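Data block below; observations after.
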Amino acid sequence: MAATETFYDVIRRQGITRRSFTKFCSLTAASLGFGPAGAKAMEQALETKERVPVIWMHGLECTCCSESFIRSAHPLVKDVVLSMISLDYDDTIMAAAGKQAEAILEETKQKYKGKYILAVEGNPPLNEDGMFCIDGGKPFVEKLKWMAEDAMAIIAWGACASWGCVQAAKPNPTQATPIDKVIKDKPIIKVPGCPPIAEVMTGVVTFITTFGRLPELDRQGRPQMFYSQRIHDKCYRRPHFDAGQFVEEWDDEGARKGYCLYKMGCKGPTTYNACSTVRWNGGVSFPIQSGHGCIGCSEDGFWDKGSFYDRLTTINQFGIEANADQIGRTAAGVVGAGIVAHAAITAVKRVTTKREKTDA
Amino acid sequence: MSYSETKAADAHGEQAIDRKSVYVYEAPVRIWHWVNALAIVTLALTGYFIGSPLPSQPGEASANFLMGYIRFTHFAAGQVMAIFLILRVYWAFVGNKHARQIFYVPVWSGRFWSEWLHEVKWYTFLARQPKKYVGHNPLAQFTMFFMVTLPMFFMVITGFALYSEGTGRDSWEFKLFGWVFSIFPNSQDVHTLHHLGMWVILTFVMVHIYVAVREDIMSRQSIISSMISGERLFKDEEDD
């Protein structure tokens, strides 16, 4: 029976040696930032704990999270999907379809009540009773609420599920809403990014399935281990920032020398993610390394903060597109002109009243 | 209240004018005022260059630290401003009643609003004469509260929150001011608001300096020298 099967049983059945298993544990423990004791704890957990079923649902999204996930190198996604978790339902990559597929949801809900993980990619649109996203003949928001009822915890994959992303950008016609604004009574872990880094995704899944609880989260509900530092803090171009050496325009000398992209609108100083340490595609590169600024894709409402290439945010509240400096300069200019005019009137008034007094 | 009783006369027999003076601004308030003025200038200048950095420095990165020095100056001035703000709040409790004035607006007082209106009329050339005030006039109190006191607290709080981004999640700065990011999850917004706050304070500085000079000349009491000596001199002996 699957319910009593441990991870270790499955791993061994798959023909993986104990040596490889130990190696996997130490590698994963290291990537999650644990010490040597962490690897031991992981081994123990995997040997004694039941496999945790994962239900992976898709709302309004572009599947870039799934695309990223299947490219994980440490741990390999094959290990995660086949050995670590029982990915019982993922309508995009599963073999079953139609009624057969939907039956799995019902079965998991009953059999693993309060024990399964609900991973959500994308978000539900709430406008028109959720009619903008129909999944299996029902609005996605209903399916989401239904499956969330008996879940142990929810993983909000990507910027869509965490913040809303592009479909929630102004004016958000479908009223796309992030998961934590719809499900209020379950622990939710946000793994933002558009998409999130593959190793971050598998790392989070590994942690939850191994220890049966969520990793330590920050104020925004993101795992501290991957989202507690800014891109800027670990950026390899940071010395150029501190030195005051910037790319002034694309293809200038500074760009060729790999100077800081701050003036080109890099959002590294306000973006919390692991790109500058974990990097992408198995540690090959990340946007700044290939010469383009960070666009802040793991931050709340990054579509609505003006150009990706401006340092100062566009502020639309004032009706026209302007940034803080333009608004400030205009205000200071108006006040300055007011002061000059006021001083002039004061002087004229004073002279005329004096004349009146001497005349009288 | 103390004022000079003796009337001095020079060799030509011309008598000095009698002027009442009141001790208004105690030493801690005056020191705070000037330290704050210096801090604001430093913070605005360095802050502006953090948002829009100077042209790139030539040479190796290891030989330059311009942005580092600018940021250091900004943070140091910010810490000074914060500490003096705390001391100033303390002095609002233990100092004289004038030390409290910029920390509240008596919105409940009808007299405050009628005198506030009079002051507006004086500035729009509708009133012939301003009233006499030992402390700030109602319009000044109103403006200082909304354009200095509140923005200063806002800048110190958002400033430390932004600083905590660099010092890390375990720092005391983040423990004390991290809640700012619960209100604005994307710190880019905090940067923008901090930037707008600078322009609010700078606009105030312009108005403040102009009005201080103008009042010193036009009104019935001393203004500029009061912030140096602490004494408020009255130019006439009429009431009110």
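Taking residue B:145 as the residue in question, decide whether it is under 27 Å from residue B:233 (Cα atoms) and among the aromatic types (Phe, Trp, Tyr). It is true that residue B:145 is under 27 Å from residue B:233 (Cα atoms) and among the aromatic types (Phe, Trp, Tyr). Pairs meeting the criteria (first residue in the range A:135-149 and within 12 Å of residue A:125 (Cα to Cα), second residue open to solvent by 70 Å² or more (accessible area, probe 1.4 Å) and at pLDDT 95 or above, beta carbons under 8 Å, at least 6 apart or on different chains) are lacking. Give me the residue from the range A:47-77 that is touching a Cys at 6+ places or on another chain (Cβ under 7 Å) and open to solvent by less than 50 Å² (accessible area, probe 1.4 Å) and, out of that set, farthest from residue A:147 (Cα to Cα). The extreme case among them is A:64.
For beta carbons closer than 8 Å, sequence separation of 6+ or different chains, a first residue in the range B:159-188 that is of a type in the set (Lys, Arg) and a second that is open to solvent by less than 50 Å² (accessible area, probe 1.4 Å), the qualifying pairs are B:169/A:218; B:169/A:224; B:169/A:228; B:169/B:178. Does residue B:102 satisfy being in contact (Cβ under 8 Å) with a residue 24 or more places away in the chain, open to solvent by less than 60 Å² (accessible area, probe 1.4 Å), β-branched (Val, Ile, Thr) and part of a helix (DSSP H, G or I)? Judged against the criteria, residue B:102 is a match. Of all residues in the range B:116-155, count the ones that are of a type outside the set (A, V, I, L, M, F, W, C), within 14 Å of another protein chain (Cβ to nearest Cβ) and more than 30 Å from residue B:43 (Cβ to Cβ). The qualifying residues number 5.
Summed over the range A:160-189, residues that are of a type in the set (A, V, I, L, M), more than 14 Å from residue A:148 (Cβ to Cβ) and surrounded by fewer than 21 Cβ atoms within 10 Å (Cβ to Cβ) total 2.
Here is a yes/no grid of residues against (1) in contact with a Gly (Cβ under 6 Å, 6 or more places away or on another chain); (2) within 14 Å of another protein chain (Cβ to nearest Cβ); (3) open to solvent by 60 Å² or more (accessible area, probe 1.4 Å); (4) not in a helix (DSSP H, G or I):
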| site | (1), (2), (3), (4) |
| --- | --- |
| B:29 | no, no, no, no |
| B:42 | no, no, no, no |
| B:59 | no, yes, no, yes |
| B:70 | no, yes, no, no |
| B:85 | no, no, no, no |
| B:93 | no, no, yes, no |
| B:107 | no, no, yes, yes |
| B:114 | no, no, yes, no |
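Scanning the range B:197-210 for residues that are more than 20 Å from residue A:327 (Cα to Cα) and either open to solvent by less than 40 Å² (accessible area, probe 1.4 Å) or facing chain A (nearest Cβ under 7 Å) (or both) returns a single hit, B:210. Which residue is farthest from the other protein chains (Cβ to nearest Cβ), if the candidates are limited to the range B:158-182 and must be surrounded by 17 or more Cβ atoms within 10 Å (Cβ to Cβ) and β-branched (Val, Ile, Thr)? Only one residue fits best here, namely B:158.
Note on the range A:237-348: enclosed helices (runs of 4 or more DSSP H) holding 3 or more residues that are within 8 Å of chain B (Cβ to nearest Cβ) are A:238-243.
Residues in the range B:195-222 that are modelled with pLDDT of 90 or more and of a type in the set (A, V, I, L, M): B:196, B:198, B:200, B:201, B:202, B:205, B:206, B:207, B:209, B:211, B:212, B:213.
Checking each residue in the range A:121-144 for being polar (S, T, N, Q) and either in contact with a Phe, Trp or Tyr (Cβ under 6 Å, 6 or more places away or on another chain) or under 20 Å from residue A:158 (Cα atoms) (or both) picks out only A:123.
The values are calculated or read from the model by the stated rules, or taken from the named source; none is laboratory data. On a predicted model such as this, the values are computed, not experimentally measured, just so you know. So basically every Cβ, Gly included, is an ideal-geometry build from the backbone, and we count neighbours across all protein chains shown. Calculation scope for accessible area: heavy atoms of the full protein, side chains included, ligands and nucleic acids excluded. Shrake-Rupley method; radii C 1.70, N 1.55, O 1.52, S 1.80 Å.
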